[in-house]
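As structure tokens, the structure follows; a few thoughts come after it.
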Amino acid sequence: MKLALSILIATALMYGVSAGIQGAGSPLGPGRKYSTIERLQPERLRAVHLDRMRYAAARHEVTLKTGYTDYRAILHAHAEDSSHTGGTRTELLQAALKAGVNIVMLTDHVRPGRDFINDSWKGLHQGVLFIPGAESEGFLVYPRVSTASNTWKTRDEYIKLIKQDGGNIFLSHAEERLDWPQDELDGMEIYNHHTDVKDEGEFNIWLRGALTNADRLRLLQTALTDYPEEVFSAQQDYLSAIIGKWDRDSRKHRLTGVAANDCHHNQVFTVTVHDENSVDVEYITSAPTKTTITANQIEGVRRLVSGLKPGELIARLDFDPYERSFKYVATHVLSANLSEAAIREALAMGHAYVAHDWICDSSGFAFVAMKGSRKLAEMGDELKYEGGLSLVCALPVEADLKLFRNGVPILTKNGNRLEYKVTDSGIYRLEAWLMLDSESRPWIYSNPVYVRGN
Ligand SMILES: [Zn+2]
Ligand SMILES: [Zn+2]
């Protein structure tokens with residue numbers, strides 16, 4: 001899916017009303033003190049930035065070793081796959097190299113006449129592993145071979161087709177599919193950036209206004225120059241309904257939680273002088289689009305064009321280059337090596353965790369089941385309950401840790417290590433939250449360790 005921002009802006013610019021915009025005035029999400037608009041003010045951005053620098057300075061290597069290499073993966077990435085996508089695969093690769101991303105799993109929008117497996121990138125490109133796939137039928141699908149000549153009648157048939165010979169499939173945009181069964185899936189998106197942007201009604205109205213308001217435009221330009229990652233992350237929330245589904249459905253069987261960047265590099269807005277009385281606003285919606293707005297429609301336009309010539313650039317706001325999106329959230333995959341087969345297997349097994357690395361690099365995070373000094377299970381693994389079992393978690397900085405059993409918090413603690421003596425079977429997972437500008441933000445979501453009863 002594409003980010004909702006440009007649709008909302010297109011609607012609002014053309015009709016000058018807040019048609020289709022919902023969610024204004026909704027209560028603040030878990031951990032928040034500030035709305036997204038408040039988070040965009042210079043003093044807030046600066047405070048967040050300083051806290052991030054403090055975490056970077058305090059960061060240390062995690063001594064608890066899992067025995068695997070921690071690879072950073074991007075699931076749900078769009079490039080060259082639709083008229084509403086602004087970015088290319090070459091751009092994706094450059095961004096991966098800059099952001100320290102090891103794996104890019106593409107999710108093309110399916111188009112007739114184009115094979116999303118055979119007409120895509122596969123294998124290593126300058127050391128970055130590409131796995132082609134699609135966003136299709138409500139899922140992220142990564143079949144092993146092309147499915148272009150296959151047909152299917154039901155959802156179950158489609159899932160079977162994708163999983164054939166070791167393909168992977170994850171539920172996508174779970175907020176639209178809270179009642180879908182997940183029995184045959186590898187996992188689900190537990191965080192999706194697009195989902196998080198969709199509920200930002202008030203912010204979207206504010207942003208619409210900013211494109212024809214000199215003061216707000218200047219504020220955004222300065223913010224994007226000085227604090228690009230803080231601006232990109234201003235809407236970050238904890239998606240409770242989706243996490244709730246994950247907790248419920250993983251009671252039945254293993255279900256790997258993954259992150260969806262849903263990146264398109266299409267949140268780019270250009271404002272130029274049309275004539276002495278109007279501006280052109282360009283953006284990407286269902287296709288690259290240009291709208292002319294006159295001072296009669298919006299008074300603020302007069303000030304924007306004052307003293308400038310037709311064609312002169314007033315502002316260019318680029319919110320979502322791939323590199324910024326990659327740093328914002330990633331799925332860390334714990335694997336022995338970077339082969340496609342090993343990564344696919346690790347994702348199916350749940351040897352993975354989701355992290356908002358823009359707050360602090362989470363690499364090395366560990367959450368394991370141990371007996372004495374012996375490691376018995378990794379995130380995603382199942383093991384039988386036995387006496388003397390403990391869960392151990394270790395992190396590169398001190399954080400607010402929350403241990404859940406069957407979706408219910410059973411232990412909270414601040415620190416860079418947590419140990420819990422297991423006294424019962426259950427699905428155990430861990431969240432780590434970090435303080436930024438005196439707000440609590442979700443940082444790491446472990447996959448569960450599944451302790452089974454006898
Ligand atoms: Zn998408
Ligand atoms: Zn899209």
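The values are calculated or read from the model by the stated rules, or taken from the named source; none is laboratory data. Here the structure is a predicted model, which is why all the values come from computation and not from measurement. Note that we place each Cβ from the backbone using ideal geometry, even for glycine, and neighbour counts take in every protein chain shown. With ligands, DNA and RNA removed, areas are computed over all heavy atoms of the protein, side chains included. Shrake-Rupley method; radii C 1.70, N 1.55, O 1.52, S 1.80 Å.
Under the shape rule built on the C-alpha gyration tensor, where the axes satisfy a ≥ b ≥ c, the range 361-452 is prolate, since a/c reaches at least 1.5 and a/b is greater than b/c.
Which of the three applies to the range 41-102, rounded, prolate or oblate, going by the alpha-carbon gyration tensor with a ≥ b ≥ c and a/c under 1.5 meaning rounded? Don't skip to the answer; put the middle values down first.
Values: a/c = 3.25, a/b = 1.27, b/c = 2.57.
It comes out oblate by the Cα gyration axes.
Helix content alone sets the calculated 222 nm mean residue ellipticity of the chain: runs of n ≥ 4 DSSP H residues at -39500 (n - 2.57) each, divided across all residues, give -7500 deg cm²/dmol. Taking the Cα of LEU338, stepping 7 Å toward and past its beta carbon, and measuring to each backbone N in the range 119-147: which are under 11 Å? Once the point is set 7 Å along Cα→Cβ of LEU338, 124-130 turn out to lie under 11 Å by backbone N, inside the range 119-147. The charge dipole of the chain, taken about the Cα centre with unit charges on the Cβ atoms of Lys, Arg (+1) and Asp, Glu (-1), comes to about 920 debye, rounded to the nearest 20. The distance between label points at GLU382 and LEU219 comes to 5.3 nm (points 7 Å beyond Cα on the Cα→Cβ vector).
Once you reduce the range 212-227 and the range 347-408 to the center of their Cα atoms, the two points are 41 Å from each other. Once the chain from SER83 to ALA57 is taken as fully extended at 0.36 nm per residue, the excess over their C-alpha distance is 5.2 nm. Counting only C-alpha contacts under 8 Å and six or more residues apart, can you give the relative contact order of the range 268-318 as a whole percent? Relative contact order here is 47 percent. For the chain, carbon and sulfur atoms together expose 50% of the accessible surface, with a 1.4 angstrom probe and every protein chain in place.
On the beta carbon distance between VAL145 and ARG248, with R0 = 30 Å, the FRET formula returns roughly 0.35. A simple rule links phi to the HN-Hα coupling: the Karplus curve 6.51 cos²θ - 1.76 cosθ + 1.60 with θ = phi - 60°, which for the range 93-107 gives 4, 4, 5, 4, 4, 6, 8, x, 8, 9, 9, 10, 9, 6, 9 Hz, with x for Gly and Pro. The listed residues GLU276, GLU398, once ranked by accessible area (1.4 Å probe) with the largest placed first, stand as GLU276, GLU398. Residues in the range 118-135 carry Karplus couplings, in order, of 6, 9, 10, 9, 9, x, 7, 10, 6, x, 9, 7, 9, 10, x, x, 8, 9 Hz; the curve used is 6.51 cos²θ - 1.76 cosθ + 1.60 with θ = phi - 60°, and Gly or Pro positions show x. The mean accessible area for residues of the range 268-318, using a 1.4 Å probe and ignoring ligands and nucleic acids, is 52 Å² per residue. Is the C-alpha gyration tensor of the range 268-318 telling us rounded, prolate or oblate? Criteria: a/c under 1.5 is rounded; beyond that, a/b larger than b/c is prolate, otherwise oblate. Because a/c hits 1.5 or more and a/b exceeds b/c, the range 268-318 counts as prolate.
Before anything else, pin down the relative contact order of the range 161-223: Cα pairs under 8 Å, at least 6 apart, normalised by residue count, whole percent. Before the final figure, lay out the partial values.
On the way: 30 pairs, mean separation 14.7, N = 63.
Normalised by residue count, the contact order of the range 161-223 is 23 percent.
Computed from backbone phi with θ = phi - 60° and the Karplus coefficients 6.51, -1.76 and 1.60, the 3J(HN,Hα) list for the range 84-90 is 8, 9, x, x, 10, 5, 4 Hz; x is used for glycine and proline. Between LYS309 and ILE37, the simple spin-label model (points 7 angstrom out along Cα→Cβ) gives 3.8 nm.
Restricting the count to DSSP beta bridges whose residues both fall in the chain, what percent are antiparallel, rounded to a multiple of 5?
Here the antiparallel bridges make up roughly 80 percent for the chain.
Solvent-accessible surface of the range 361-452, taken per residue with a 1.4 Å probe and all protein chains present: 34 Å². Cα centroids of the range 302-338 and the range 229-287: how far apart, whole angstrom? So the two Cα centres are separated by 12 Å. Here the relative contact order of the chain, from alpha carbon pairs under 8 Å that lie six or more residues apart, stands at 19 percent.
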